[in-house]
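Below is one structure, written out as structure tokens, with a few remarks after it.
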Amino acid sequence: MSVFRNGVARAGRAAIIVSLMTLPVGTLQAQVLEEIVVTAQVREVGLQTAPVAVTAFTGQQLERNRIFSISDLAGSSPSLSLTQGSSPVDLELNIRGITNSRLDAPSGEAAVGTFVDDVYIGRAGGMNQDYFDIERIEVIRGPQGVLLGKSVVGGAISIITNKPEFENSGAIRVGMGNYDSQLVSGYVTGGLNDAWAGRISFQSRRHDGYAYDILHNREIDDWESQQFRAQLLYRPSDSKWSGRLVLDYNKDSMNGLNSVAISDGQTGGFRPRPWSQLRAFLGLTDPRVSIPEENVFAGDRGPTQQFLNRESGGMSLNISGEFETFRLNLITGYRAGHANNLYDQTGGGPDVLDENETFGVVFADFLAFDPTAATFLFSEPVGENADISAFSQEIRLTSTDEGQLDWIAGVFFKKDSIDKFDRFFGEGNSGALATLSGESHWINNGENTNIGVFGQVGWQLTDALKINVGARWTSDKKEGRIQGIAVATGDRFNPADTAPLTPLVQEYDTPYGDTWKKTTPQATLEWTPNEDFFMYGTISTGFKGGYFQDTAPNAFAASFATRPEEVINYEVGVKSDFAGGRARLNAAVFLMDYTDLQVEQTNQDCLCNLTENASDAEISGIEAEFTFLVAEGVLLNISGSFIDTEYVDFREASGVISSGNPLQRTPETRYGANLDWSITDSFNVFVNYAWQDKMPWQPANLNFEDSYGLLDARATFSPPNAQWAVSVWGKNITDELYRSNVIPFFGEEVSQFGPPRTYGVDFSYSFE
């Protein structure tokens, strides 16, 4: 498989080179690359003069490559990747090796901050929105502890939605594809009077599941989503005040999670491999065929199939006042969300061996096939229910005077509350797992309060040199109460057994709380010798508060938090336009020194997810992006990153020493290339290829994901001056089989898989 992938990569590179070599020199035009305005540092500046490593995607680019979600965006920017978390509502964004910890936990914090229209979104439950009707997305790499603040340790994703316009316009887009995929989206905007404008936009998407539940004879991973946004813009021509109100509602659901156990292939230690042996016994080799049991908890009237339901809604209000020398922004945000899911984490358990099930398999048959594996067969259904609400307020002052000095100052307040209920049923048939059986509940109610005060001053030393210095003071308070409840249940392996099983949690009711305060400074030197070259050097810092365990096994573990996470980043970057403005090269070299890095992984001793501190970790690397307007209508983009990561000092709670190992879930090398070719005035072809290196799934570096590449393409026909367009598209055209998450567990790699080959057609129509 790796030979095939490497061959595809080489062929792709060769094809691009050949296509460029065959272009006639006479087609080169005096056209130049467009300048993109970004707000990565909360004021509008050109991409090429922003002293930060940032990649910007326009709304047109997002639509062209069918980028609808964070999952789709990963791989399109250097040092950015994503894996599915241990829970269906958990997304693990990774920038420069730094991964979000459990965002569904009441005290969990994002290491990669997400902002929508300047409002910080800190919870996975509030991030089930699709990307639709977007003006721009910015991927900001490296800690931004001064201006962006709230736990922006690895970087940030900033989403800027399209604003209302006073000119009347609208568009509609419909699409369909394999797996019965369907898309309907659109918007309408216009002026209500001279001072007010409105905009309404929506999107609905669905697809059938990519996997099949052979036990219950149904597709699994069916998914659908509905999104809605309404806006009002107030911008009178004779007033210094303006305002924008945004309301949104988002809902999505799926009918299960395809989890497949694969043997890790290692020898020695405690490796019973129960679920992969079960699949071998049943003759299942296709990883998109699963055997999840229906979940049964104490008090349930009968088995319940898997499901995930999420809803969220929110409001943001940005009021701006223009004064003689500064701008005032009042940014208010509110979000509320609910998530409820039930899933089989291991993809196979005791019910599969019930003689009344579809397979007609009894336990004795499996025992005869492999006595060792059968001894440790274990069921692990999980249920989660969470309600989340968050309120934030930022007051920001930004200088507008174009003098020698510029400045930014502000205060930030955020409070969120999370009420979470977890259910876990584990049952082993005998042996070592017998004492780890039973049902456990966790009720976790948490409240977090964050206060920040920040400021930055820029001083133009000479025409070419400028220095920026700033700092942010943060107070991060987390408090709550967690109850661990042991539920006595019967033995489904042995129904006649009246002895209660031993739950995975001790009974406790424990309050928790702590406050962490930190000042994070930053200094940046800018050098602009001419309009085509820009260079910066920065020393930046980041901070993330401590973490209380979400499903602690006992009162002691529930009452103590991990230590806060801190980082110092040393970075030098260059941004250059050349070849008469037709070529652009942006690059950054960095070294990030982490103290008490928070690391999450599954601990098989308690069958739970634990977050602990790695005392020291170091990350260094280089990122580069090259854009070349090869000829009129031919645009080439190449990007890549090389990251060297290391746990310098990390002794895990289990006793495993991971010091010296690369960081988990971080590929060393990533690169991508895309070609945007307008072959005629009516016909455009867009091809994108993204490749990532082999990476470890956990700190011990015992389980790895092989390297893989994904090829996407899109062809669009739109006659000149026409209001309509039709596109044919394909994603993962080579049908690469790759994993979006792996949980190492009792000699297994419990795996989830990324989407297979998908393809379809889109039709769009715009009107004025």
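The values are calculated or read from the model by the stated rules, or taken from the named source; none is laboratory data. Quick caveat, the model's predicted, so the values are computed rather than measured. Every residue, glycine among them, receives a Cβ derived from its backbone with ideal geometry; neighbour counts consider all protein chains shown.
Laid out as a table, the results:
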{"read-out": "Qualifying residue in segment 660-669 (condition: of a type in the set (Lys, Arg) and either surrounded by fewer than 16 Cβ atoms within 10 Å (Cβ to Cβ) or farther than 17 Å from SER77 by Cβ (or both))", "value": "no"}
{"read-out": "Some residue of segment 583-592 being under 28 Å from ASP476 (Cβ atoms) and of a type in the set (A, V, I, L, M)", "value": "yes"}
{"read-out": "Only listed residue being within 30 Å of ALA614 (Cβ to Cβ) and surrounded by 17 or more Cβ atoms within 10 Å (Cβ to Cβ), chosen from GLU736, GLU705", "value": "GLU705"}
{"read-out": "Considering residues of segment 262-272 that are within 30 Å of the chain's Cα centre (by Cα) and part of a loop (DSSP other than H, G, I, E, B) only, the residue surrounded by the fewest Cβ atoms within 10 Å (Cβ to Cβ)", "value": "GLY265"}
{"read-out": "Whichever residue in segment 280-310 is among the basic types (Lys, Arg) and surrounded by fewer than 23 Cβ atoms within 10 Å (Cβ to Cβ) and, among such residues, is modelled with the lowest pLDDT", "value": "ARG301"}
{"read-out": "Search result, residues across segment 240-261 that are part of a strand (DSSP E or B) and more than 28 Å from GLY313 (Cα to Cα)", "value": "VAL260, ALA261"}
{"read-out": "Tally of residues being acidic (Asp, Glu) and free of Cβ contacts under 8 Å to residues at least 40 places away in the same chain across segment 380-418", "value": "1"}
{"read-out": "Residues of segment 181-203 satisfying the condition of being more than 11 Å from ASP133 (Cβ to Cβ) and surrounded by fewer than 18 Cβ atoms within 10 Å (Cβ to Cβ)", "value": "SER181, GLN182, VAL184, GLY190, GLY191, LEU192, ASN193, ASP194, ALA195, TRP196, GLY198"}
{"read-out": "PRO51, sole failed condition from (1) of a type outside the set (D, E, K, R); (2) within 24 Å of GLU600 (Cα to Cα); (3) crowded, with 21+ Cβ neighbours inside 10 Å", "value": "(2)"}
{"read-out": "Residue count for segment 294-342, restricted to those that are assigned to a strand (DSSP E or B), of a type in the set (Ser, Thr, Tyr) and in contact (Cβ under 8 Å) with a residue 60 or more places away in the chain", "value": "4"}
{"read-out": "Neighbours by Cβ (under 7 Å, 6+ apart or cross-chain): first from segment 36-65, under 11 Å from GLU135 (Cβ atoms); second in a loop (DSSP other than H, G, I, E, B) and aromatic (Phe, Trp, Tyr)", "value": "LEU62/TYR131"}
{"read-out": "GLN698 being farther than 28 Å from VAL726 by Cβ and at pLDDT below 90", "value": "yes"}
{"read-out": "Strands (runs of 3 or more DSSP E) within segment 535-653 that include 2 or more residues at pLDDT below 90 and under 21 Å from the mean Cα position of the chain (by Cα)", "value": "583-603, 608-631"}
{"read-out": "Residue within segment 203-221 that is farther than 30 Å from GLU293 by Cα and in contact with a Phe, Trp or Tyr (Cβ under 7 Å, 6 or more places away or on another chain) present", "value": "yes"}
{"read-out": "2 or more residues among the polar types (S, T, N, Q) and touching a residue at least 60 places away in the same chain (Cβ under 8 Å): qualifying strands (runs of 3 or more DSSP E) within segment 667-738", "value": "683-692"}
{"read-out": "Contacts under 6 angstrom Cβ, first residue in segment 571-597 being within 16 Å of ILE95 (Cβ to Cβ) and surrounded by fewer than 21 Cβ atoms within 10 Å (Cβ to Cβ), partner among the small types (Gly, Ala, Ser) and at pLDDT 95 or above, 6 or more apart", "value": "LEU591/SER620"}
{"read-out": "Conditions (1) free of Cβ contacts under 8 Å to residues at least 24 places away in the same chain; (2) surrounded by fewer than 16 Cβ atoms within 10 Å (Cβ to Cβ): number failed by ALA557", "value": "(2)"}
{"read-out": "The lone exception for ILE657 - which of (1) at pLDDT below 95; (2) touching a Leu at 6+ places or on another chain (Cβ under 9 Å); (3) β-branched (Val, Ile, Thr) it fails", "value": "(2)"}
{"read-out": "Residue list for segment 507-520, filter: exposed (fewer than 15 other Cβ atoms within 10 Å of the Cβ) and either over 31 Å from the mean Cα position of the chain (by Cα) or in contact (Cβ under 8 Å) with a residue 60 or more places away in the chain (or both)", "value": "GLU507, ASP509"}
{"read-out": "Test: residue in segment 264-274 that is of a type in the set (Lys, Arg) and modelled with pLDDT of 85 or more", "value": "no"}
{"read-out": "Residue in segment 411-430 that is modelled with pLDDT of 95 or more and more than 30 Å from SER559 (Cβ to Cβ) present", "value": "yes"}
{"read-out": "Checklist (1) closer than 30 Å to GLU705 by Cβ; (2) more than 25 Å from the chain's Cα centre (by Cα) applied to SER242, failing item", "value": "(1)"}
{"read-out": "Which numbered condition THR39 fails, given (1) surrounded by fewer than 22 Cβ atoms within 10 Å (Cβ to Cβ); (2) of a type outside the set (A, V, I, L, M); (3) over 17 Å from VAL116 (Cβ atoms)", "value": "(3)"}
{"read-out": "Neighbours by Cβ (under 6 Å, 6+ apart or cross-chain): first from segment 100-117, at negative phi and acidic (Asp, Glu); second crowded, with 24+ Cβ neighbours inside 10 Å and modelled with pLDDT under 85", "value": "ASP104/SER87; ASP104/ALA124; GLU109/SER151"}
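One line per residue, one yes/no per condition, for (1) without any contact (Cβ under 8 Å) to a residue 40 or more places away in the chain; (2) not aromatic (Phe, Trp, Tyr):
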residue	(1), (2)
SER185	no, yes
SER201	no, yes
HIS216	no, yes
TRP223	yes, no
GLN226	yes, yes
ARG244	no, yes
LYS251	no, yes
ASN255	no, yes
GLY265	yes, yes
